[in-house]
Amino acid sequence: MRTGVLSSSLLGTMVWVGLLAPHTAGDQPPGKPEPSKGFPDLVAALKASPGCLGVETAKTASGKQVIFAWFEDKKAVLKWYHSDAHQQVMKQFFPGQEYSKPLKEVPENSGPILAIASITFTDKPRFKETPLPISQIAIELYQPMSGGIFLGGRFAPEGLKVPKMRDYTPKEK
């Protein structure tokens, strides 16, 4: 995959990562409130965003909460970026922050984009830029390359077309 360069204006684009991933009882220290309480259903909003091809959430072994969101193109990512749900979360978690033009480094005819957002929560805020209790937050943009194989299904949504990807799934007779 080719890595896209992400403008700093998107730092808050997927703050919601930790708010979206399913939480389990062991995710938070005892007595610590769930970060998702009182937030809009951002996964549903993301899935409903025009041009979003699919969304997956996960928690890594290292404790990062991650969202994988596939978009048709730059225009679709910008629709999500400017959506009411996303803007609400950005303002709530990055108050007073000014953002330059999002995705200005991404070409208009970029094709499909995979946005991977990750966040790791801590017990107390560490950065002056946000009241969030986090040790890291990141957004990375990727694009599919030709090739690859699959048997029985893929991680990416079916609607994401990848040139020269080989399907080894037996055909129904």
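The values are calculated or read from the model by the stated rules, or taken from the named source; none is laboratory data. Note that the coordinates shown come from a computational prediction; the quantities given were computed from them, not determined experimentally. Here the Cβ is made from the backbone with ideal geometry for all residues, glycine too, and neighbour counts use every protein chain on show.
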Checklist entry - Taking interchain pairs and intrachain pairs at least six residues apart, which have beta carbon atoms under 9 angstrom, with the first residue in segment 76-87 and over 9 Å from SER49 (Cα atoms) and the second among the aromatic types (Phe, Trp, Tyr) and part of a helix (DSSP H, G or I)? => result HIS86/TRP80; GLN87/TYR81
Checklist entry - So which of TYR142, TYR99, TYR168 is surrounded by 12 or more Cβ atoms within 10 Å (Cβ to Cβ) and in contact with a strand residue (DSSP E or B) (Cβ under 8 Å, 6 or more places away or on another chain)? => result TYR142
Checklist entry - If you check every pair at least six apart or on different chains, which have Cβ atoms under 8 Å apart with a residue in segment 98-116 that is at positive phi first and a residue that is acidic (Asp, Glu) second? => result GLY111/ASP73
Item to check | Given (1) surrounded by 15 or more Cβ atoms within 10 Å (Cβ to Cβ); (2) out of contact with any helix residue (DSSP H, G or I) (no Cβ under 8 Å at 6 or more places or on another chain); (3) among the hydrophobic types (A, V, I, L, M, F, W, C), number of the condition VAL106 does not satisfy | outcome: (2)
Next on the checklist: So, SER135, is that one small (Gly, Ala, Ser), closer than 19 Å to ILE67 by Cβ and either in contact with a helix residue (DSSP H, G or I) (Cβ under 6 Å, 6 or more places away or on another chain) or touching a residue at least 12 places away in the same chain (Cβ under 8 Å) (or both) or not?
Outcome noted: yes
Checklist entry - Of the conditions (1) out of contact with any Pro (no Cβ under 7 Å at 6 or more places or on another chain); (2) part of a loop (DSSP other than H, G, I, E, B); (3) farther than 19 Å from CYS52 by Cα, LEU103 fails just one. Which one is it? => result (3)
Next on the checklist: Looking at segment 63-83, can you tell me whether even one residue there is assigned to a strand (DSSP E or B), among the β-branched types (Val, Ile, Thr), at pLDDT below 95 and under 15 Å from the mean Cα position of the chain (by Cα)?
Outcome noted: yes
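So, in segment 41-62, how many residues would count as being part of a loop (DSSP other than H, G, I, E, B), surrounded by fewer than 19 Cβ atoms within 10 Å (Cβ to Cβ) and touching a Phe, Trp or Tyr at 6+ places or on another chain (Cβ under 9 Å)?
First, the residues of segment 41-62 that are part of a loop (DSSP other than H, G, I, E, B): 41, 49-51, 60-62.
Filter once more, so that each one left must be surrounded by fewer than 19 Cβ atoms within 10 Å (Cβ to Cβ): 41, 50-51, 60-62.
Going one step further and asking which of them are touching a Phe, Trp or Tyr at 6+ places or on another chain (Cβ under 9 Å), we end up with 50-51.
Looking only at that region, the number is 2.
Please verify whether VAL89 is within 15 Å of the chain's Cα centre (by Cα), assigned to a helix (DSSP H, G or I), modelled with pLDDT of 95 or more and under 20 Å from ASP41 (Cα atoms), treating the condition exactly as stated.
Working: within 15 Å of the chain's Cα centre (by Cα): yes; assigned to a helix (DSSP H, G or I): yes; modelled with pLDDT of 95 or more: no; under 20 Å from ASP41 (Cα atoms): yes.
Answer is no for this residue.
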